[in-house]
Amino acid sequence: MATCSGGGVRRRRWSILALDAAQPFDKEGQAIDVFERRGRLKIAIIGFGKFGQFLAKTFARQGHTLLAHSRSDYSAAAASLGAAFFSDPHDLCEQHPDVVLLSTSILSTAPVLRALPIQRLRRNTLFADVLSVKEFPKSLFLKHLPPHFDVLCTHPMFGPESGKDGWEGLPLVFEKVRIGDTGERAERCQRFLDIFHHEGCRMVEMSCSEHDANAAESQFLTHTVGRLLAKLDLKTTPVNTKGYEALLKLVEITCSDSFELYNGLFMYNKNSTELLERLDLAFDSLKKELFGKLHDVVRKQLFESSP
Ligand code: NAP
């Protein structure tokens with residue numbers, strides 16, 4: 001018995017020594033592995049439509065683990081991107097993602113968020129969104145999510161068309177709305193932002209209200225002009241100028257987004273109403289200028305030709 005247990009101790013000691021001997025060779029590989037794994041996130045994309053899938057391609061290429069949920073069944077599209085699709089949000093939340101990313105239409109975001117069984121998530125999950133308006137999701141998150149969830153609002157200011165050849169130089173606007181002060185939580189938020197940073201995005205930290213004021217001028221105006229021109233049913237001609245080509249392109253780009261997205265830009269950005277009124281006034285004043293000049297000419301002709 002004594003010999004037997006002594007042999008066991010010896011064997012254990014040998015195996016420990018063998019492990020020690022292997023350490024220096026494995027350590028570097030293991031460290032790289034741990035570093036890479038720590039850099040990777042488990043991201044749940046809620047709303048796996050056009051934009052959700054567009055983002056998923058890049059997230060997957062960077063090695064992140066992807067989960068997806070949507071109203072429609074996108075299991076085939078998800079599988080082709082290496083993402084796991086969950087039709088039931090309970091099953092998705094039980095996977096304990098690091099980040100829950102909302103990519104739903106602006107109009108459907110509130111009911112979608114309310115329907116998520118957030119009690120099944122880990123207590124300090126990071127919630128983020130990519131909505132094209134920012135004050136609305138910020139206040140929705142703050143109202144609906146308990147304080148132990150982190151909140152990051154982002155707007156990648158590009159889409160499947162403008163970002164199809166890469167994201168280099170394209171703006172990513174973000175506000176760290178509520179990030180817990182432990183190093184781990186700050187680091188997780190940074191790792192999510194790094195996805196965009198690594199693709200070469202121009203990182204613009206800005207409050208949600210500043211974003212909305214700027215976006216009404218840039219984004220809503222662009223979409224409105226594009227959709228207005230689309231109503232004219234413009235056709236290409238044999239004598240297209242560069243300017244006209246740009247207008248045709250504008251129609252194509254803006255109308256490739258859903259009307260729901262455009263409607264969301266109007267409904268959920270308080271600055272959009274004012275912009276629409278300014279556009280109306282500008283059109284009236286331009287017409288007045290043109291017709292004013294026309295009247296001057298006609299009046300002059302009338303008086304000069306009168307006996
Ligand atoms: P979208 O029309 O704004 O949204 C489509 C997504 O919303 C789909 O995933 C759809 O789910 C979901 N959805 C719509 N109505 C719903 C409802 N009643 N209940 C549940 N889900 C509903 O088009 P998108 O281009 O994919 O945009 C998604 C988000 O990204 C929007 O918030 C948009 O502002 C933002 N964004 C878009 C772009 C862009 O270039 N397209 C750029 C930056 C940010 P199903 O498909 O499953 O029905």
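The values are calculated or read from the model by the stated rules, or taken from the named source; none is laboratory data. Since this is a predicted model, take the numbers as computed values, not measurements. Backbone-built Cβ (ideal geometry, glycine too); neighbour counts: all protein chains shown. All accessible areas refer to the heavy atoms of the entire protein, side chains included, with ligands and DNA or RNA removed. Shrake-Rupley method; radii C 1.70, N 1.55, O 1.52, S 1.80 Å.
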For this session: Take segment 95-115 and flag every residue that is out of contact with any Lys or Arg (no Cβ under 9 Å at 6 or more places or on another chain), open to solvent by 20 Å² or more (accessible area, probe 1.4 Å) and of a type in the set (A, V, I, L, M).
Result: Leu107, Ala115
Problem set entry | Index of the failed condition, Lys57 passing every other in (1) open to solvent by less than 50 Å² (accessible area, probe 1.4 Å); (2) under 18 Å from the mean Cα position of the chain (by Cα) | (1)
Exercise. Name the pairs: first residue in segment 94-110 and farther than 18 Å from Arg191 by Cβ and part of a loop (DSSP other than H, G, I, E, B), second residue away from the ligand (no atom under 16 Å from the Cβ) and not polar (S, T, N, Q), Cβ to Cβ under 6 Å, at least 6 apart or on different chains?
Worked result: Glu94/Arg120
Exercise. So, of the residues in segment 242-263 that are within 15 Å of the ligand (Cβ to nearest atom) and of a type in the set (Asp, Glu), which turns out to be surrounded by the fewest Cβ atoms within 10 Å (Cβ to Cβ)?
Worked result: Glu252
Seminar exercise, completed: Residues of segment 156-177 being part of a loop (DSSP other than H, G, I, E, B) and within 10 Å of the ligand (Cβ to nearest atom), in sequence order, are Met157, Phe158, Gly159, Pro160, Glu161, Ser162, Gly163
Exercise. Does at least one position in segment 113-123 carry a residue that is touching a strand residue (DSSP E or B) at 6+ places or on another chain (Cβ under 6 Å), touching a residue at least 12 places away in the same chain (Cβ under 8 Å), more than 8 Å from the ligand (Cβ to nearest atom) and not hydrophobic (A, V, I, L, M, F, W, C)?
Worked result: no
Problem set entry | Selection count where residues are within 20 Å of Asn269 (Cα to Cα) and part of a loop (DSSP other than H, G, I, E, B), scope segment 131-151 | 4
For this session: Select, from Gly226, Gly159, the only residue that is assigned by TED's automatic domain parsing to the domain that holds Gln62, open to solvent by less than 50 Å² (accessible area, probe 1.4 Å), under 20 Å from Lys50 (Cα atoms) and small (Gly, Ala, Ser).
Result: Gly159
